[in-house]
Amino acid sequence: MPVTIIVDGKEYQVNEDQTILEACRSIGIDIPTLCYHPALSVVGSCRVCVVEVEGARNLAPACATKVADGMVIRTNSDRVKKSVKFNLGLLLSNHPNDCMTCDVNGRCEFQDLIYQYNVKDMFPKELRNVPYDESSPSLFRDMNKCIACGRCVRACEELQGLSILSMVNRGHHSLPLPALGAPIVATDCINCGQCATVCPVGAITERMEFRRVLEELDRHEKVLIVQTAPAVRVALGEEFGEEPGTISTGKMVAALRRLGFDYVFDTNFAADLTIMEEGSELLDRVKNGGKFPMFTSCCPGWVNLMEKLYPEFTENLSSAKSPHEMLGALVKTYFAERIGKNPEDIFVVSIMPCTAKKDEATREQLKVKGVDGVDVVLTTRELGKLIKMKKIPYESLPEEEYDKPLGISTGAAVIFGTTGGVMEAALRTAYELYTGKELPKLDFEDVRGLAGVKETVVNLDGKELKVAVAHGGANVIKLMEKLRNGEVYYDFIEIMACPGGCIGGGGQPKSNKPGYLEKRMEAIYSIDEMSTLRKSHENPAVLKLYEEYLGEPLSHLSHELLHTHYRDRKESVLKRKKELERVE
């Protein structure tokens, strides 16, 4: 129901269930925030979003105050501006002034507000001296830059259900730390990077590896190959001011060529390959018996969660590698042979929406004949940084296409980028391979959308498969507990650790805009709808690969190059925790 409010002297109609912050943003009035994030619960602790409400004695936090009919609000009065500036000054008093060397320089919410309100060092500096936490292969933590907004704590608890971080100490000494001050690697952290995505400053970032890539590009002693994940193409534009969901595939390919890569391949090719392997594995279990439910294995954050919290389900996980690792394996073997190069002479870079892919690339069991299939993983944010550093005019670049043959893909491959996409792609192929009939309807609406857990029943010509899709660690854990307790049963389950799947990955552009996940998702499905080929088993390049090289899905060579194994990591994590407790 609409209500009337007066903001800065003008009358507006807004929804009665909105907060002042939401209402003001909906009518184009900006109110600064730091602790607020639309994906997280509201705490109203930073007091940067305060406004004057007529009749109220104290300034009100806009993020935590509901609108009311007839409410008179002032967002830019002298009292408000003085309070905001004072609170920013307090935060600045124990924040280092090292913006020029900070990896989030230019996209730091705190830096923007300090500049906007012209805040100087008005209080004596009392800087922290907390050692960096570089223990994670995916994440870097510098708590000296922390402004104690608590976003990372809430993201880990509310979105991921892991609660690895909590606020310790008091006042300006308060920091989000793991229990006992443990390094992040000694916890149940799954390297999803959701903490980094919501951090408004440079306190938590992905482990930056773009400089290593720059060195390889400058030396150019090896064949330089880059591949891009499906979700990157609907988010990269945000790094250059475009709206969420802007499709920038062609520009992205052009930018990568101008950076100096010799070949630009599409991870989507390997997504189609994944469906051939994973779908065949599912059908083999259906026909010949096997562990059910079978889980997808594309998401390394989910694989980490399973190994650390639910190792009893190890055999239920598909043995298929994730798409970018499949492509890395093929580049170092099949493609290397085609171009007459040794695997050691090829350098493969994966552009991923995911920080957990950095961790995944270090797994020993993913090596191909003793060498890494993927040498470096960069996030979408890191690619944006690289393009800007090299002053490539991204906005005016022409549309270019991927290199063949490892750049040919279908619509089924691109929907890997969103929750439910892997399931839908697998069902499109599994149905036709199992029944020998064409699908009556290509789109599986029941597994689409942002509901935390989705389920449906698929009829394979008389054989019913009960399937489920879960995304976001908190939803995944709820589902896994039900499975562990025997409360539910499914034949096939797709799991993505991040909210929304890869479109909401920990390496994607940061966004506070409401609906940004929905817009990225819509773009993913629009690419699928515009594709000529929409089923993985119809990809001619994949079929040719099997004919010329792999033989058939689940062949001996396919298992050698495209499959892997997992391990129980629960005991090793518990052991590290006990050791830390003894030290404490």
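The values are calculated or read from the model by the stated rules, or taken from the named source; none is laboratory data. Small disclaimer: the values here were computed from a predicted structure and weren't measured. Here the Cβ positions follow ideal geometry from the backbone for every residue, glycine too, while neighbour counts run over all protein chains shown.
List of remarks:
Conditions tested, residue by residue: (1) charged (D, E, K, R); (2) under 18 Å from D103 (Cα atoms).
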| residue | (1), (2) |
| --- | --- |
| L113 | no, yes |
| N118 | no, no |
| N129 | no, no |
| R151 | yes, no |
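- Among the residues of segment 152-185, those identified as in a helix (DSSP H, G or I) and closer than 14 Å to V130 by Cβ are H172, H173, G181, I184.
- Condition broken by S248, with the remaining ones in (1) crowded, with 24+ Cβ neighbours inside 10 Å; (2) closer than 24 Å to D359 by Cα satisfied: (2)
- Residues of segment 379-395 satisfying the condition of being assigned to a loop (DSSP other than H, G, I, E, B) and of a type in the set (A, V, I, L, M, F, W, C): I392
- Complete set of residues in segment 289-345 that are polar (S, T, N, Q), surrounded by 18 or more Cβ atoms within 10 Å (Cβ to Cβ) and not in a helix (DSSP H, G or I): T296, S297, S318, S322
- Verdict on C189 being among the hydrophobic types (A, V, I, L, M, F, W, C), more than 15 Å from V377 (Cα to Cα), assigned to a helix (DSSP H, G or I) and outside the structural domain of C35 (by TED's automatic domain parsing): no
- Looking only at residues of segment 397-434 that are within 18 Å of R285 (Cβ to Cβ) and hydroxyl-bearing (S, T, Y), we find that the one that is surrounded by the most Cβ atoms within 10 Å (Cβ to Cβ) is T429.
- Total residues in segment 1-29 satisfying the condition of being touching a helix residue (DSSP H, G or I) at 6+ places or on another chain (Cβ under 8 Å) and either assigned to a strand (DSSP E or B) or modelled with pLDDT under 95 (or both): the figure is 6.
- G89 meets the stated requirement of being outside the structural domain of V201 (by TED's automatic domain parsing), without any contact (Cβ under 8 Å) to a residue 60 or more places away in the chain, over 22 Å from P509 (Cα atoms) and touching a Phe, Trp or Tyr at 6+ places or on another chain (Cβ under 9 Å).
- Only one of the numbered conditions (1) in contact with a helix residue (DSSP H, G or I) (Cβ under 7 Å, 6 or more places away or on another chain); (2) without any contact (Cβ under 8 Å) to a residue 60 or more places away in the chain; (3) within 30 Å of G290 (Cα to Cα); (4) not acidic (D, E) is not met by P311, and that is (2).
- When the residues of segment 490-534 are filtered to those that are β-branched (V, I, T) and at pLDDT 95 or above, the one that is nearest to E455 (Cα to Cα) is I493.
- Residues of segment 348-364 that are buried (at least 24 other Cβ atoms within 10 Å of the Cβ) and not in a helix (DSSP H, G or I): V348, V349, S350, I351, M352, P353, C354, T355, A361.
- Cβ pairs under 9 Å, 6+ apart, first in segment 195-209 and part of a helix (DSSP H, G or I), second acidic (D, E) and at pLDDT 95 or above: A196/E206
- Within segment 366-379, residues that are in contact (Cβ under 8 Å) with a residue 40 or more places away in the chain have Cβ atoms under 6 Å from residues that are among the hydroxyl-bearing types (S, T, Y) in these pairs: L366/T564; V374/S350; V377/S350, counting only partners at least 6 apart in sequence or on another chain.
- Verdict on T65 being of a type outside the set (F, W, Y) and closer than 20 Å to E158 by Cα: no
- Within segment 315-340, the set of residues being among the polar types (S, T, N, Q), in contact (Cβ under 8 Å) with a residue 40 or more places away in the chain and under 20 Å from M423 (Cβ atoms) comprises S318, S319, S322.
- Of all the listed residues (R567, R582, R484), the sole one being modelled with pLDDT of 95 or more, of a type in the set (K, R) and either closer than 23 Å to V286 by Cα or outside the structural domain of M352 (by TED's automatic domain parsing) (or both) is R484.
- Being surrounded by fewer than 19 Cβ atoms within 10 Å (Cβ to Cβ), under 14 Å from I20 (Cβ atoms) and modelled with pLDDT of 95 or more holds for only one residue in V72, V67, and it is V72.
- Cβ-Cβ distances below 6 Å connect the following pairs, each with a first residue in segment 20-31 that is of a type outside the set (S, T, N, Q), a second residue that is in a helix (DSSP H, G or I), and a separation of six or more residues or different chains: I20/A62; L21/A62; L21/C63; I31/L21; I31/C24; I31/A62.
- Condition met for G202 (assigned by TED's automatic domain parsing to the domain that holds M521 and either on the phi > 0 side of the Ramachandran plot or in contact with a helix residue (DSSP H, G or I) (Cβ under 6 Å, 6 or more places away or on another chain) (or both)): no
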